[in-house]
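So the structure is just underneath, and the comments pick up after that.
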Amino acid sequence: MSHEQIHKLVRASLFAALCTVMTMVIQIPSPMQGYVNSGDCAVLLSAWVLGPWYGGAAAGIGSMLADLLSGYAHYAPGTFAVKLAMAVAAAWLFRDLRHKSIRPLPAQLASGLVGEAFMVLGYFGYACLWLGKGWAAAASIPGNIVQGIFGLAAAAAVYHLLSRGRDLAGI
């Protein structure tokens, strides 16, 4: 294993831990048996900094661990798939926009909105179909939208503060 691959794995592990902690630190219970949290900030940062594969793995694994450790094991498989897809979509779009010389903030907003749409629709689909809640799962959509907006705003702010004149994707 090369030196660069080891660095990527270590960074992905750290971001997975960040996703777990940020998801568990603030948990506001939702009427649909889930909870609203600040983990989307770490998911988007993972995507923007690590790229689609390492960022997606960190986001999926870290967010899933938070569900397992918080007593929401029935959400763990869905969380893994949803957060992985969210991070992969956000990372691909972010990198594509940055390669087209789009400034970081507009690229973050566009990619974050797409990623958060994956999250809202993914959790709706998981609760509706897999957990058997049917159309009642739609009740979780407003809470997930609020979580997504907060996560996107926080991630963009943290990315800006950490980058301060350099591109974090090269870390």
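The values are calculated or read from the model by the stated rules, or taken from the named source; none is laboratory data. Source: prediction; values computed, not measured. All Cβ positions, glycine included, derive from the backbone under ideal geometry; neighbour counts span all protein chains shown.
On the given criteria, is I102 more than 16 Å from A47 (Cα to Cα), without any contact (Cβ under 8 Å) to a residue 24 or more places away in the chain and not in a helix (DSSP H, G or I)? Talk me through it step by step, then tell me what you get.
Details: more than 16 Å from A47 (Cα to Cα): yes; without any contact (Cβ under 8 Å) to a residue 24 or more places away in the chain: yes; not in a helix (DSSP H, G or I): yes.
Yes; evaluated as a whole, the condition is true for this residue.
Can you pull out the residues in the range 17-48 that are within 20 Å of A156 (Cα to Cα), modelled with pLDDT under 95 and not polar (S, T, N, Q)?
Residues satisfying the conditions are V25, I26, V36.
Within the range 53-67, can one find any residue that is in contact with an Asp or Glu (Cβ under 8 Å, 6 or more places away or on another chain), under 18 Å from F150 (Cβ atoms) and of a type in the set (S, T, N, Q)? Talk me through it step by step, then tell me what you get.
Quick first cut of the range 53-67, residues in contact with an Asp or Glu (Cβ under 8 Å, 6 or more places away or on another chain) only: none.
No, every residue in the range 53-67 fails to be in contact with an Asp or Glu (Cβ under 8 Å, 6 or more places away or on another chain), under 18 Å from F150 (Cβ atoms) and of a type in the set (S, T, N, Q).
If I ask for residues that are in a helix (DSSP H, G or I) and out of contact with any helix residue (DSSP H, G or I) (no Cβ under 7 Å at 6 or more places or on another chain), which ones from the range 114-134 would you list?
In the first step, residues of the range 114-134 are kept if they are in a helix (DSSP H, G or I); the result is 114-130, 134.
Answer for the range 114-134, where residues must be in a helix (DSSP H, G or I) and out of contact with any helix residue (DSSP H, G or I) (no Cβ under 7 Å at 6 or more places or on another chain): A117, L121, G125, L129.
Look at the range 124-161 and say how many of its residues are under 20 Å from the mean Cα position of the chain (by Cα) and within 22 Å of I26 (Cα to Cα). Lay out the reasoning, then the answer.
Initially, the range 124-161 is screened for residues under 20 Å from the mean Cα position of the chain (by Cα), giving 124-127, 140-161.
So of that shortlist, the ones also within 22 Å of I26 (Cα to Cα) come out as 124, 127, 140-159, 161.
Count: 23.
Which condition breaks for A138 when tested against (1) surrounded by 14 or more Cβ atoms within 10 Å (Cβ to Cβ); (2) at pLDDT 90 or above; (3) assigned to a helix (DSSP H, G or I)?
So A138 meets the others, but not (1).
Consider the range 6-48. How many of its residues are of a type outside the set (V, I, T), touching a strand residue (DSSP E or B) at 6+ places or on another chain (Cβ under 7 Å) and part of a loop (DSSP other than H, G, I, E, B)?
Adding up the residues that qualify gives 1.
Give me the residue from the range 58-101 that is surrounded by fewer than 20 Cβ atoms within 10 Å (Cβ to Cβ) and of a type in the set (S, T, N, Q) and, out of that set, farthest from G122 (Cα to Cα).
Ranking the qualifying residues of the range 58-101, first place goes to S101.
Which of the residues spanning the range 105-117 are under 15 Å from M86 (Cβ atoms) and surrounded by 20 or more Cβ atoms within 10 Å (Cβ to Cβ)?
Correct list: Q108, S111, G112, G115, E116.
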